[in-house]
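Questions regarding the structure given below will be posed in turn.
The values are calculated or read from the model by the stated rules, or taken from the named source; none is laboratory data. Since the structure is predicted, the reported quantities are computational estimates derived from the model, not experimental observations. A quick note on method: Cβ atoms are made from the backbone with ideal geometry, for glycine too, and the neighbour counts reach across all protein chains shown.
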């Protein structure tokens, strides 16, 4: 197989020119209807094999230059021209590319919301190690705040990653344990073992 730097990392059916990538970006911004980080948008497209980094960056720059997308504080917002592009040209892209891009974008939007509502802070502990402080909220008030000591940065990152997989499960397990409902604790722990 011949090596092609411009196609490296692009899945079959992915996009290989700035015009199509620009249409995809307009379609995504039109679909999610909220400002989106330039960095996150480029990562979504690249990491899902939809297009390469360089073509995606060029497409974003071209959209901004042509006023199809506006940029403020690294956040992209679709303009009326971009909405028109999305509505008229999105069918030029395959359905699978559109669905894959929207699914990845929505997953990131949900993740960002989860992180915003349930913040985590990692701080160095005196004498070595780290404290990982996790807060679970209902969007308006704290339901729980928990601080764990871990010996190193790698383990702190692992705690954060696992916490964000399902913060509500952690809350449910701890609450059931504290109020003495061993049945709920057992069910929750069994659920973890089957994953």
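Kindly provide the set of residues from the stretch 110-140 that are closer than 17 Å to residue 174 by Cβ and either in a loop (DSSP other than H, G, I, E, B) or free of Cβ contacts under 8 Å to residues at least 40 places away in the same chain (or both), ordered by number.
If we filter the stretch 110-140 for residues that are closer than 17 Å to residue 174 by Cβ, which is where we start, we get 118, 120, 132-138.
Scanning the stretch 110-140 gives 118, 132, 133, 134, 135, 136, 137, 138.
Just to be sure before I move on: is residue 140 surrounded by fewer than 17 Cβ atoms within 10 Å (Cβ to Cβ), modelled with pLDDT under 95 and farther than 15 Å from residue 25 by Cβ in the structure I sent?
On the way: surrounded by fewer than 17 Cβ atoms within 10 Å (Cβ to Cβ): yes; modelled with pLDDT under 95: yes; farther than 15 Å from residue 25 by Cβ: yes.
Criteria met by residue 140.
Check whether at least one residue in the stretch 63-78 is touching a helix residue (DSSP H, G or I) at 6+ places or on another chain (Cβ under 6 Å), crowded, with 16+ Cβ neighbours inside 10 Å, in a helix (DSSP H, G or I) and touching a residue at least 40 places away in the same chain (Cβ under 8 Å), and report yes or no.
There is at least one residue in the stretch 63-78 that is touching a helix residue (DSSP H, G or I) at 6+ places or on another chain (Cβ under 6 Å), crowded, with 16+ Cβ neighbours inside 10 Å, in a helix (DSSP H, G or I) and touching a residue at least 40 places away in the same chain (Cβ under 8 Å).
Here is a check on your reading of the model: is residue 107 exposed (fewer than 14 other Cβ atoms within 10 Å of the Cβ) and part of a loop (DSSP other than H, G, I, E, B)? Break it down stepwise before answering.
Values: exposed (fewer than 14 other Cβ atoms within 10 Å of the Cβ): yes; part of a loop (DSSP other than H, G, I, E, B): no.
Answer is no for this residue.
Filtering the stretch 174-195 down to residues that are modelled with pLDDT of 80 or more and in a helix (DSSP H, G or I), which residue is surrounded by the fewest Cβ atoms within 10 Å (Cβ to Cβ)? Explain how you work it out, then say what you get.
Within the stretch 174-195, the subset modelled with pLDDT of 80 or more is 174-179.
Narrowing the set further to residues that are in a helix (DSSP H, G or I) leaves 174-178.
On the way: 174: 15, 175: 14, 176: 18, 177: 14, 178: 9.
Among those residues, the one meeting the criterion is 178.
Output the number of the condition that residue 156 fails; it satisfies all remaining conditions of (1) exposed (fewer than 12 other Cβ atoms within 10 Å of the Cβ); (2) touching a strand residue (DSSP E or B) at 6+ places or on another chain (Cβ under 7 Å); (3) not in a strand (DSSP E or B).
(1)
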